[in-house]
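The values are calculated or read from the model by the stated rules, or taken from the named source; none is laboratory data. All of these numbers come straight from a predicted model, not from anything done at the bench. Note: ideal-geometry Cβ built from the backbone for every residue, glycine included; neighbour counts use all protein chains shown.
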Amino acid sequence: MAEEKPVESAQVSRKTAYYTLGVLTVVYSFNFIDRQLLSILQESIKLDLSLSDSQLGLLTGFAFALFYVTAGIPIARWADHSNRRNIIAGAVFIWSFMTALSGMVQSFAQLVLARIGVGIGEAGGSPPSHSIISDIFPAEKRASALGFYSTGVNFGILFGFLFGGWLNEFFGWRVAFMVVGLPGILLALIVWTTVKEPVRGLAEKRQVSDEKVPVKRILALLASRKSFIHLSLGAALNAFCGYSISSWTASFMIRTHEMTTGELGTWLALIIGFCGAIGVFFGALLADKLAPRDKRWYTWLPAIAGFICVPFMALVYIVDDPYVALACMVVPGLLHNVYLGNTLATTHGLVGLRMRATASAILFFILNIIGLGAGPFFIGVLSDALQPSLGGESLRYAMLYVIPVVMFWSSCHFVLAGRNVREDLAAAPD
């Protein structure tokens with residue numbers, strides 16, 4: 001690679017850095033509001049459009065994920081060599097417009113096309129944002145910054161459940177899509193006019209050349225790092241559980257415990273949204289505090305959190321009282337996303353400065369194909385398969401049989417990642 005030069009100027013003030021982080025986190029929240037909204041609305045959509053659980057799983061899984069991950073790597077390549085701020089602003093506009101359009105569909109096929117549009121738009125959100133954050137925060141604060149950014153997942157889920165649940169109850173699912181989608185268009189304008197594009201390598205006080213790093217070189221680098229292989233698999237399996245839970249919990253609670261969308265949306269907003277935001281931020285912050293002693297804490301903390309979640313995840317689907325089930329969700333709500341900031345920061349530490357957006361996209365490709373694509377779809381198919389013998393309880397047992405086992409499997413990969421992470425971080429290219 002071409003020689004890197006020291007950065008002499010163009011320093012980002014602390015105020016600018018935190019403003020940028022705050023705006024990008026709001027963007028990520030909107031990303032997940034628009035993505036999560038379908039979950040709380042899907043029982044109403046199922047009745048209106050006469051859909052099966054397999055079709056619902058397709059809408060929340062592969063119909064979205066396939067185009068999300070396919071578009072992700074080319075957009076990330078673009079972001080590694082272009083203005084990332086402009087890419088993010090355009091992406092917010094596209095996914096928000098397509099979310100609002102979802103409220104106007106008249107068939108399953110039209111809703112699939114709208115979800116594909118949301119997926120393509122959202123593919124342009126995270127990789128450029130990850131790259132910007134890693135340029136304005138130094139390595140010792142990077143997991144905390146990316147952890148704070150990752151709270152957007154949970155705040156998006158919070159508002160998606162809360163607004164979606166009550167809007168659906170009073171106005172219907174079509175209005176919910178339009179009301180939630182339209183404000184994102186204003187947010188796109190805010191990003192475009194107020195966020196500044198930082199110099200690449202600013203946090204490391206190095207400015208890289210304009211030489212393009214081939215994707216195959218980045219893939220080869222990541223594939224050669226055993227820690228990344230286990231990190232990506234651990235993250236993907238954790239996401240399998242997380243997306244399955246966020247996509248199907250509302251349907252499970254409505255079918256098994258006969259809760260209304262308004263009340264249920266409020267509970268899930270607090271448990272998966274608010275508690276999850278606490279867990280993902282403080283999990284990353286704690287890792288940054290412990291990592292100077294041993295870099296393996298970036299993998300150990302997600303492993304510990306995952307193992308703790310397993311028995312509580314099983315109890316959710318075993319107990320008969322809805323409020324006991326909701327109480328059992330609190331521990332997984334707090335802990336199951338601890339992996340996010342730690343995995344992102346470690347992935348960026350394994351690669352060079354002009355590889356970060358692409359490395360994020362590769363990680364998200366693996367995470368979303370297995371997690372977002374396979375998770376909700378697999379649960380839906382299994383629920384349909386169990387329906388002849390279990391009737392209305394088929395979804396409950398589909399989640400019970402799968403989610404705790406996959407979370408245990410995920411945690412084992414994080415343990416294995418810790419075996420090589422110190423050596424792999426030390427061997428990272430400049």
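Out of curiosity, is Leu286 part of a helix (DSSP H, G or I) and at pLDDT 90 or above?
When the stated conditions are applied, Leu286 passes them.
Can you name every residue in region 171-191 that is exposed (fewer than 14 other Cβ atoms within 10 Å of the Cβ), over 30 Å from Arg84 (Cα atoms) and touching a residue at least 40 places away in the same chain (Cβ under 8 Å)?
Within region 171-191, Val175 is the sole residue that qualifies.
Does Asn337 satisfy the criteria of being out of contact with any Phe, Trp or Tyr (no Cβ under 6 Å at 6 or more places or on another chain), of a type outside the set (Asp, Glu) and crowded, with 23+ Cβ neighbours inside 10 Å?
yes
Let's see how each residue does on (1) closer than 20 Å to His348 by Cβ; (2) outside any helix (DSSP H, G or I); (3) touching a helix residue (DSSP H, G or I) at 6+ places or on another chain (Cβ under 7 Å); (4) modelled with pLDDT under 90:
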residue	(1), (2), (3), (4)
Thr25	yes, no, yes, no
Leu56	no, no, yes, yes
Phe64	no, no, yes, yes
Met98	no, no, yes, no
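(1) at pLDDT 85 or above; (2) touching a Ser or Thr at 6+ places or on another chain (Cβ under 6 Å); (3) surrounded by 24 or more Cβ atoms within 10 Å (Cβ to Cβ); (4) under 22 Å from Leu66 (Cβ atoms): which one isn't true of Ile362, the others all being true?
The failed condition is (2).
When you look at Pro388, is it at pLDDT 90 or above, surrounded by fewer than 18 Cβ atoms within 10 Å (Cβ to Cβ) and either in a helix (DSSP H, G or I) or over 17 Å from the mean Cα position of the chain (by Cα) (or both), yes or no?
yes
For Ala374, work out the one condition from (1) farther than 21 Å from Ser39 by Cα; (2) among the small types (Gly, Ala, Ser); (3) out of contact with any helix residue (DSSP H, G or I) (no Cβ under 6 Å at 6 or more places or on another chain) it doesn't fulfil.
All conditions are met except number (1).
Look at Asn342 and say whether it is outside any helix (DSSP H, G or I), crowded, with 24+ Cβ neighbours inside 10 Å and either touching a helix residue (DSSP H, G or I) at 6+ places or on another chain (Cβ under 7 Å) or not polar (S, T, N, Q) (or both).
For Asn342, the condition - outside any helix (DSSP H, G or I), crowded, with 24+ Cβ neighbours inside 10 Å and either touching a helix residue (DSSP H, G or I) at 6+ places or on another chain (Cβ under 7 Å) or not polar (S, T, N, Q) (or both) - is not met.
Of these, Ser29, Ser44, Ser82, which one is at pLDDT 80 or above, part of a helix (DSSP H, G or I) and surrounded by fewer than 22 Cβ atoms within 10 Å (Cβ to Cβ)?
Testing whether each residue is at pLDDT 80 or above, part of a helix (DSSP H, G or I) and surrounded by fewer than 22 Cβ atoms within 10 Å (Cβ to Cβ) leaves just Ser44.
Quick check, is Met104 hydrophobic (A, V, I, L, M, F, W, C), in a loop (DSSP other than H, G, I, E, B) and either at pLDDT 85 or above or at positive phi (or both)?
On the way: hydrophobic (A, V, I, L, M, F, W, C): yes; in a loop (DSSP other than H, G, I, E, B): yes; either at pLDDT 85 or above or at positive phi (or both): yes.
Answer is yes for this residue.
Which condition breaks for Leu353 when tested against (1) among the aliphatic types (A, V, I, L, M); (2) over 20 Å from the mean Cα position of the chain (by Cα); (3) crowded, with 22+ Cβ neighbours inside 10 Å; (4) at pLDDT 85 or above?
Only one criterion is unmet by Leu353, namely (4).
It is to be established whether one or more residues within region 97-118 are crowded, with 22+ Cβ neighbours inside 10 Å, closer than 18 Å to Ala188 by Cβ and not hydrophobic (A, V, I, L, M, F, W, C).
yes
Can you tell me which of (1) within 26 Å of Leu219 (Cα to Cα); (2) hydroxyl-bearing (Ser, Thr, Tyr); (3) out of contact with any Leu (no Cβ under 7 Å at 6 or more places or on another chain) is the one Ser389 doesn't meet?
Only one criterion in (1) within 26 Å of Leu219 (Cα to Cα); (2) hydroxyl-bearing (Ser, Thr, Tyr); (3) out of contact with any Leu (no Cβ under 7 Å at 6 or more places or on another chain) is unmet by Ser389, namely (1).
Let's see how each residue does on (1) closer than 25 Å to Arg354 by Cα; (2) touching a residue at least 24 places away in the same chain (Cβ under 8 Å):
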site: Trp95; (1), (2): no, yes
site: Ala109; (1), (2): no, no
site: Leu113; (1), (2): no, no
site: Ile116; (1), (2): no, yes
site: Gly124; (1), (2): yes, yes
site: Ala139; (1), (2): yes, yes
site: Phe148; (1), (2): yes, yes
site: Gly156; (1), (2): no, yes
site: Phe161; (1), (2): no, yes
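Among the listed residues Gly418, Gly380, Gly373, identify the single one that is small (Gly, Ala, Ser), more than 30 Å from Val213 (Cβ to Cβ) and either surrounded by 18 or more Cβ atoms within 10 Å (Cβ to Cβ) or at pLDDT 95 or above (or both).
Gly380
If you go through region 313-331 one residue at a time, do you hit one that is touching a residue at least 60 places away in the same chain (Cβ under 8 Å), over 23 Å from Arg217 (Cβ atoms), assigned to a helix (DSSP H, G or I) and under 19 Å from the mean Cα position of the chain (by Cα)?
No: region 313-331 contains no residue that is touching a residue at least 60 places away in the same chain (Cβ under 8 Å), over 23 Å from Arg217 (Cβ atoms), assigned to a helix (DSSP H, G or I) and under 19 Å from the mean Cα position of the chain (by Cα).
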